[in-house]
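In what follows, a single structure is set out as C-alpha cells and then discussed.
The values are calculated or read from the model by the stated rules, or taken from the named source; none is laboratory data. It should be emphasised that the depicted structure is a prediction, and the values quoted were computed from it without experimental measurement. Please note: Cβ atoms are built from the backbone with ideal geometry, for glycine as well, and neighbour counts cover all protein chains shown. Just the protein is used for accessible areas: all its heavy atoms, side chains included, with ligands, DNA and RNA removed. Shrake-Rupley method; radii C 1.70, N 1.55, O 1.52, S 1.80 Å.
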Amino acid sequence: MPIEYHDRTEEEYRRRASVMIRNFEGFGSSPYDAGDNMATIGYGYTFNRSNNIELWDAAGVHLSQDERRQLAAIDAAPANRRTALGLAFTGRITQEEARSLLENVSLDRYQTHADRLGIPNSDERAATVSVTYNRGDGRMRSHMQGFNDAIADGDRAEAWYQLRYNSRGTNRDPDIELGIRARRNMEAHAFGLYNDPQNVTSDEARNVYRMFQLHREDILANERVWGVDFDGNRADRRHDAVGLSNRNWPDLSREYGQVPTISEALEPARRRLLADLRAENPDLADRLRDTDFASTAIFLDPGRELRDRDAVDRQYPTDTGNRRTNERNEALRAVTYNTTTDHAVDDNHAATLDSLRTTRGPNPREIDSNDLLIGMGGDDTLRAHRGDDILIGGAGRDRMEGGVGHDTYVVGGGDTIMDNDGRGELRWNRQALTGGARNEDDPANTYRSADGQYTYTLDGTTLTVAHRDGESVRVENYARGDLGIRLEEPAARREGEAPPENAPANGRNERPEQDTFAQSLERLNPQDRATYDRMLASVQSRGGYSEEQAQNIAAAGLAEFRRRDTLVRESQDVGIYGDRLFTAYFPHGRDREPNFHANVRLDDAAQTPARDSLQQVETLQQQRAIAPPTQQLEQREQQNGPTLGGRTQ
C-alpha cells in the first residue's frame, strides 16, 4: 500500500529537520573529531570540503582575516590534509552562527537523496535528511538500498525497519555504536511505522507483521543487546539504545513522542489484526482477544524471502587484497543480508513459521508462549511449541505441527496436522471436529459424524477426515481421543465383545478365546513388564479407577508405547499429566529438545480390555521381528527425525 506522508509546510518541515539534526549532532563551538576522522564544528558541520569560505559567507558567519586565511588553506589542501587543518582551526562559532550554517547552507545540500526518492516536505523527509546528514549522500545511495527500495515500493513498514535496524554502519566502538543506534531509533520513530497509528488498516497491519516476520531474528538479536527483547528484558544502561533515545533528546520526544520498544511499536498492528481475525473466525472470537497474544508472539507469512547469505558473500568478497574495498564490502554484506531479492508480496508464498524460542546460554530451554501462527496463501509449514497456540493455515495445502499445550488448528482441504500431546482441537468450516461412530455394517476403522458431513478413516496412526464435498485433511500420529476427536465402535464392541473379523492385525492378536489376561501378562518380556508395572502404579496412585480399569489403562499405555517405539525408544518417564498417561523419552536430557512421547487418554483406555492391548503388544513384537531391512532402516531414520516435542510438567 502507498505511503501516506505526514505532510508539512516548507517552513515547518525545515524547522523539524533542523531541530532533529541539532539535537542529534550537538553543538561544538570549536573543532573536534567525532570519531569519523573528520574535522567538525557547530551542529555537525565538517571542514573536509573545498568551499568552506563560500559556505561560511553564505551563512553570514563573520570571519577575521586570520580565520579566512585558515579556511582558504583548508579549501586548497589535498583531501588527506583537510582533517588536520580543520582540527587546527583557531576560530570559534556561536550557536546562532552554527544554526545559520545548518539551515541556510547544509540543509539544502543534504536534501538531495530525499529529492531523489521523491519524498515531499514531511516528517518522513525530515528523518531521511537527518540520516543523510549523518551518513552522507554517497552511502545513502550505496549502503541504504533496502530503505531506498522500500520507499520506491511504498512499503512504510520495511522502510521503518531499514532505518531502525539496518542503517547504523559498522563502527565497532561500543559508545559510538550506542549513540548511532539511539539516533536511528528516534529517526525511525519520526519517520513512523504507520500512516496513522490510531486508524490502522487491515492491509497495513498485515504488512507490518510481514516485515516483522521477515526480519524477526535480526530484530530479536538487536533488541536483546541494544533495547528491550520480546519478553520485556531491558539491556543494561550501557547498551540501552531505546532508553538513551528518550533520555537524550527531550525536544524530539515532545515533538514525536517516546521511542517505543518493539513490542509497543507492534501494538496498533496487533489490535487490528486480531480484530480482523475475530471477524473472519467468529467461532474463535473468545480466543482471539486483545489480551490473548503478545504483539511479538504473532507469526505471519512474510510473502517473500531475504537474500541468500552465501550469494551476498560472493557478491561482496572481503579477501580482495585491498583494505578499503574489504571494509566497504563488509559493510555492504551487513546491510544486504537483510534485504530481499523480490520486493513484491507473493500471495502464494510458501512460508515456514516456527515459534520456537529458547533461553540463552549453554543449556537453552524452550520458552513457554501462547503463539498465533498465520499461513496466508501457499503451501505453508506452521510449527508451534509449548503453550496454548492457534495455527491458521489459510489457503494452500498446509502442514501444521503443535507442541505441548492446548493447540487449536484452523484447517482447510489438503492440510496435514500433527499434534504433540493430543490436547486441543481441530476446526474446519468454523466448527470443531468431534469425531463419529461406526455402525456394524460400516467398513472397519471408518466412522461418520452425526450430521453426515464428515467421514473419519483410521489407518494405523493416520486419521483422514473427509468432508462430503470431497476435501480432506490428515492427522498424523493420531491416538484415539486426540484433539477431542472420538471414534465410537458399535455398541457390541464397546461392551467388550470381539472386533469384526476384518479388524486389522494390530487391532488384536488372534489367540484362542481362552487365552487370559494373566497369561498375556506372563508372556511380556522383563522390560515391558517393568514398564507396565510403572504405569499401573501411576494409575493406582492417582486413584479414581477400579483395579480392572487401572489394568486396562496400563495395558493400553504399554501398547501405545510399543506402537511408537521407533520414536519413544526408552521408557524414561511414566506419569499422568492432565487426562492422559504418558511415557516419555529424552535422548538429550529432560530439558533439551528433541524429546518424544506416547500417551493414552485415561477414560478411553479404561474401557479397552487389558487382554486386547497386551495381545497388540505381542503382535507388534512379531511384526518388528520380521520387518524387512528397508523398514528397519526407515525406523532408524525416523528416530533421528524432527522434534515431536515433550509433555506437560
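Can you give the convex hull volume per residue for the Cα atoms of segment 533-592, as a whole number of Å³? In segment 533-592, the Cα convex hull volume per residue is 82 Å³. Ranking 122, 538 by solvent-accessible area of protein heavy atoms (1.4 Å probe, all protein chains present), from largest to smallest, gives 538, 122. Could you state the accessible area per residue of segment 382-480 in Å², with a 1.4 Å probe and every protein chain left in place? For segment 382-480, the per-residue accessible area is 39 Å². Once the C-beta distance of residue 58 and residue 152 is scaled by a Förster radius of 41 Å, the resulting FRET efficiency is 0.80 to the nearest 0.05. What whole-number distance in Å separates the alpha-carbon centres of segment 257-310 and segment 113-154? Their Cα centres are 28 Å away from one another.
According to the Cα-based calculation, Rg over Rh for the chain is 1.14, with Rh computed by the Kirkwood formula. Rolling a 1.4 Å probe over the protein heavy atoms leaves residue 226 with an accessible area of roughly 30 Å². Counting only protein heavy atoms and a 1.4 Å probe, tell me what percentage of the chain's accessible area is made up of carbon and sulfur. Carbon-and-sulfur percentage of accessible area, whole number: 44.
How large is the convex hull of the Cα atoms of segment 365-420 per residue, expressed in Å³ as a whole number? Residue-normalised Cα hull volume stands at 60 Å³.
Suppose the chain between residue 94 and residue 547 were pulled fully straight at 0.36 nm per residue; how much longer would it get relative to their current alpha carbon spacing? If you can, show how the numbers build up before the last one.
On the way: separation 453, 0.36 × 453 = 163.08 nm, distance 9.33 nm.
Result: 153.7 nm gained on full extension.
Entry comment: accessible area of segment 214-359 is 49 Å² per residue, from protein heavy atoms only and a probe of 1.4 Å.
Please report the orientation-averaged projected area of segment 560-612, defined via the convex hull of its C-alpha atoms, in nm². All intermediate terms of the calculation are to be shown ahead of the outcome.
Working: hull surface 15.9 nm².
Projected area, direction-averaged: 4.0 nm².
With protein chains left intact and a 1.4 Å probe, residues in segment 48-110 average 53 Å² of accessible area per residue. Listed values for segment 314-319 are Karplus-derived 3J(HN,Hα) couplings in whole Hz (6.51 cos²θ - 1.76 cosθ + 1.60, θ = phi - 60°), namely 5, 5, 10, x, 10, 10, and x replaces Gly and Pro. As a length-normalised measure over Cα pairs under 8 Å and 6 or more apart, the relative contact order of the chain settles at 7 percent.
For the chain, the longest principal axis of the Cα atoms and the long axis of helix 526-542 meet at an angle of about 80 degrees. Distances between placed amide hydrogens fall under 5 Å for residue 454 paired with 449, all partners being 5 or more residues away or on another chain. Divide by every residue of the chain the summed helix terms, -39500 (n - 2.57) for each DSSP H run of at least 4, and state the resulting mean residue ellipticity at 222 nm, rounded to the nearest 500 deg cm²/dmol. Rounded to the nearest 500, the figure is -12500 deg cm²/dmol.
Two-decimal Rg/Rh of segment 74-121 from alpha-carbon positions, Kirkwood Rh? Show your work: numbers first, answer last.
Details: Rg = 15.0 Å, Rh = 13.3 Å.
So for segment 74-121, dividing Rg by the Kirkwood Rh gives 1.12.
Stretching residue 76 away from residue 331 to a fully extended chain increases their span by 88.7 nm, per 0.36 nm per residue minus the current alpha-carbon distance.
Note that segment 104-174, at 20 °C in a medium of 1.002 mPa s, gets a Stokes-Einstein diffusion coefficient of 173 µm²/s from its Kirkwood radius over C-alpha pairs. Available extension along the chain between residue 203 and residue 308 is 35.1 nm, counting 0.36 nm per residue and deducting the alpha carbon span.
Using a cutoff of 8 angstrom between alpha carbon atoms and counting only pairs six or more residues apart, the relative contact order for segment 310-407 works out to 19 percent.
For segment 258-268, 3J(HN,Hα) computed residue by residue from phi via the Karplus equation (6.51, -1.76, 1.60; θ = phi - 60°) reads 5, 5, x, 5, 5, 4, 5, 4, 7, 3, x Hz, glycine and proline entered as x.
For residue 358, the residues 5 or more places off, or on other chains, whose built amide H falls under 5 Å of its own are 367. Please give the helix 65-76 orientation as an angle from the longest Cα principal axis of the chain, in degrees from 0 to 90, rounded to the nearest 10. Taking the Cα atoms of the chain, the angle to 65-76 is about 50 degrees. Summarising the amide proton neighbourhood of residue 417: residues at separation of 5 or more, or on other chains, whose placed amide H is nearer than 5 Å comprise 400, 474, 475, 476. Sorting 327, 54, 267 by accessible area puts them as 54, 327, 267; the probe is 1.4 Å, largest comes first, and only protein heavy atoms count. Largest first, the residues 611, 164, 324 sort by 1.4 Å accessible area into 324, 611, 164.
For residue 38, the accessible area of its heavy atoms, probed at 1.4 Å with every protein chain present, is near 60 square angstrom.
How much of the pair distance distribution for segment 107-222 lies past 17 Å, counting alpha-carbon pairs only, in percent?
Working: 3645 of 6670 pairs.
Tail of P(r) above 17 Å: 55 percent of Cα pairs.
I'd like the Karplus ³J(HN,Hα) series for segment 131-148: coefficients 6.51, -1.76, 1.60, θ = phi - 60°, whole numbers in Hz, and an x wherever there's a Gly or Pro. 3J(HN,Hα) across segment 131-148, in whole Hz: 5, 4, 4, 7, 9, x, 5, x, 6, 4, 7, 8, 10, 10, 5, x, 5, 4.
Once R0 is set to 30 Å, what does the formula 1/(1 + (r/R0)^6) return for the Cβ-Cβ distance between residue 237 and residue 173, expressed as a FRET efficiency to the nearest 0.05? Please list the in-between numbers first.
Values: r = 17 Å, r/R0 = 0.58.
Efficiency at R0 = 30 Å is approximately 0.95.
Can you work out the base-10 log of I(q)/I(0) for segment 50-159 at q = 0.20 1/Å, using the Debye formula on its C-alpha atoms alone? Here log10 of I(q) over I(0) equals -1.04. Multiplying each eigenvalue of the alpha-carbon gyration tensor of segment 18-74 by 5 and taking the square root yields semi-axes of 20, 14, 10 Å, largest first, rounded to whole angstroms.
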